[in-house]
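In what follows, a single structure is set out as structure tokens and then discussed.
The values are calculated or read from the model by the stated rules, or taken from the named source; none is laboratory data. All of these numbers come straight from a predicted model, not from anything done at the bench. A quick note on method: Cβ atoms are made from the backbone with ideal geometry, for glycine too, and the neighbour counts reach across all protein chains shown.
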Amino acid sequence: MKKITDIFTQKDRTFSFEFSPAKTERGMVKLYETAGALAKLNPDWFSVTYGAGGSTRTLTTDIVEQFQKRFNVPTMHHLSCVGYSRDELKEKIKEIRDKDICNILALRGDPPAGDDIWQPALDGCEYCYQLIEMIREHKDFFSIGVARFPEAHINCPDKALDSKYLKKKLDSGGDFVLTQMFFENSEYFEYVKRIRATGVTARIIPGVMIINNYQKLLTFSKACGATVPQKVHDVFAPLDGDDEATYKAGIDYAAEQFNGLLEGGAPGLHIFTLNRPEPVIEVFKRISR
């Protein structure tokens, strides 16, 4: 199975899709149907999330393994520090490798639901760069992605310090950057400029989402510290509760935003699918790839 860094040597622009483990058996059936539908778009890779507090750690590994076997699409395994001792992390990394999973998105991770303060596990990793160093003990077997926030992490006091933390991750062995969602393209391009000024040359891929529910958008944006610009409120607030109109407006907004990113020089798109194939398929018909 290809490493994402190997794909980079072949393509200046990549397209990838992110999924989350479903909570029910029926949801899991639908998840595999969704992945199968999106695999027909010939993405460069899939990725599978880990859940707050590492709540889906076993499911994530199983899904990544199945995605690669069923669809022959390289799939990136999200992995966080939460709830693991260092010895447990080493075992988990070995398990991932043994299943021929060679792409990892290294994360510090969010605390479990109900916990406001993040705490490392006993004898665990406190920072993401420590996890990256552990993964790098396997030399070049893994391609390692890192996640960042264009507007800086919600708990980081300023953007300069946030940039310093990113550089530490990359200097410790990270290969590329995936951003959290944003809805103003200027946020992404300003972020890239700021990061480049620190000497970072790694590929910075924008993480983007297709809006399909106004209230859920507000909740998620608040949790991750993403700004919802006034133009988004102007479009989607009047449509709140009208699923059909919101769906159409979401397609229109995403097509314009995604094309703007690509035209501005972004090296592809990493789309948070929300496990829904239809919006992604519709937008893909309207973007310049």
- Note on the structure: Filtering the range 75-92 for residues that are over 24 Å from Tyr32 (Cα atoms) and in a helix (DSSP H, G or I) leaves a count of 6
- Single unsatisfied condition, Thr198 versus (1) of a type in the set (S, T, N, Q); (2) at pLDDT 95 or above; (3) under 24 Å from Gly264 (Cβ atoms); (4) in contact with a Lys or Arg (Cβ under 9 Å, 6 or more places away or on another chain): (2)
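If I go through the range 256-289 residue by residue, how many of them are small (Gly, Ala, Ser) and part of a loop (DSSP other than H, G, I, E, B)?
The first filter runs over the range 256-289 and keeps only residues small (Gly, Ala, Ser), leaving 260, 264-266, 268, 288.
So of that shortlist, the ones also part of a loop (DSSP other than H, G, I, E, B) come out as 264-266, 288.
Total satisfying the criteria: 4.
Being assigned to a loop (DSSP other than H, G, I, E, B) and at negative phi is the filter here; which residues of the range 179-200 pass it?
Gln180, Met181, Phe182, Phe183, Glu184, Ala197, Thr198, Val200 - these are the residues of the range 179-200 that are assigned to a loop (DSSP other than H, G, I, E, B) and at negative phi.
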- Query: Residues in the range 17-35: is at least one over 16 Å from the mean Cα position of the chain (by Cα), assigned to a loop (DSSP other than H, G, I, E, B), over 19 Å from Ala106 (Cα atoms) and not charged (D, E, K, R)?
  - Reply: yes
- Task: Check off (1) buried (at least 19 other Cβ atoms within 10 Å of the Cβ); (2) of a type in the set (Val, Ile, Thr); (3) under 30 Å from Asp12 (Cβ atoms) for Thr227 and give me the number that stays unchecked.
- Result: (1)
- Inspect all residues belonging to the range 272-282 and state whether any of them is surrounded by fewer than 17 Cβ atoms within 10 Å (Cβ to Cβ), modelled with pLDDT of 95 or more, among the aliphatic types (A, V, I, L, M) and under 21 Å from the mean Cα position of the chain (by Cα). yes
- Query: Does the range 47-56 contain at least one residue that is more than 19 Å from the chain's Cα centre (by Cα) and buried (at least 17 other Cβ atoms within 10 Å of the Cβ)?
  - Reply: no
- Restricting the range 36-48 to residues that are in a helix (DSSP H, G or I) and among the small types (Gly, Ala, Ser), which is nearest to Gly207 (Cα to Cα)? Ala39
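Would you confirm whether any residue within the range 201-209 is modelled with pLDDT of 95 or more, assigned to a helix (DSSP H, G or I) and buried (at least 19 other Cβ atoms within 10 Å of the Cβ)? Walk me through how you get there before you give the answer.
Within the range 201-209, the first condition is being modelled with pLDDT of 95 or more, and the residues that meet it are 201-209.
Right, trim to assigned to a helix (DSSP H, G or I) and you get none.
No: zero hits.
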